[in-house]
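Please treat every number below as a calculation from the coordinates, not as lab data. These numbers were taken from a predicted model, which means no experiment stands behind them. Neighbour counts run over all protein chains shown; Cβ positions are idealised from the backbone, glycine included.
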Amino acid sequence: MDVVEVNCFGTDKFKLLSNRKVKVFNEKTGRWQTYDMIEYHDNCPVCGKAMLVRAIPGTTWLACCSEECYRKYFMGRLVIVQTKLPEDVLIELKKKTKEETTKEALAKAIYHYLECEHTEITTETTSPKERKKKAGRVPVYLRKIIKTKNGKA
């Protein structure tokens, strides 16, 4: 049985050291910091796959074996999603994300939106009404879909 290694340090910038220590890069200070580390065996709460979990004692985390299981875990906690997107845009979003349901497609798009380095922040507004319509972050791929459906970005 394969064991998945899961590192719960809040960043991808870390180095495992000997003697159960880990060196983690702190984005706020711009420095590397060394912490004690715990290791334990557990099962993924979504799929049950065996995991070797590494974490800093005293911190809180959710260990899942993959991003897909992590999303599934939290998708069950979504209660209501309301959108003003037309049905044809939602159908196109499901095709782009390769998801069967609107809920899964929206969840995937939202996670991508939050993590994507190509998401643009727009702040240019002309009036309070325009501010409500245009202010915010728009993922590049979603802007193309909306532009083709509405005729404008």
For the range 4-65, Rg(Cα) over 2.2 N^0.38 Å is 1.15
Could you check the simple spin-label distance between residue 28 and residue 100, using points 7 Å along Cα→Cβ, in nm with one decimal?
-> 4.3 nm
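If Lys and Arg each add +1 and Asp and Glu each add -1, what is the summed charge of the other residues whose beta carbon sits under 13 Å from the beta carbon of residue 18? Working shown, then result.
Numbers: positive: 15, 20, 21, 23; negative: 36, 39.
Net charge around residue 18: +2.
Using a/c under 1.5 as the rounded threshold, could you call the range 16-110 rounded, prolate or oblate? The axes a ≥ b ≥ c are square roots of the C-alpha gyration tensor eigenvalues, and prolate needs a/b larger than b/c, oblate otherwise. Walk me through the numbers on the way to the answer.
Details: a/c = 3.28, a/b = 2.08, b/c = 1.58.
Prolate is the answer for the range 16-110, as a/c is 1.5 or above and a/b outweighs b/c.
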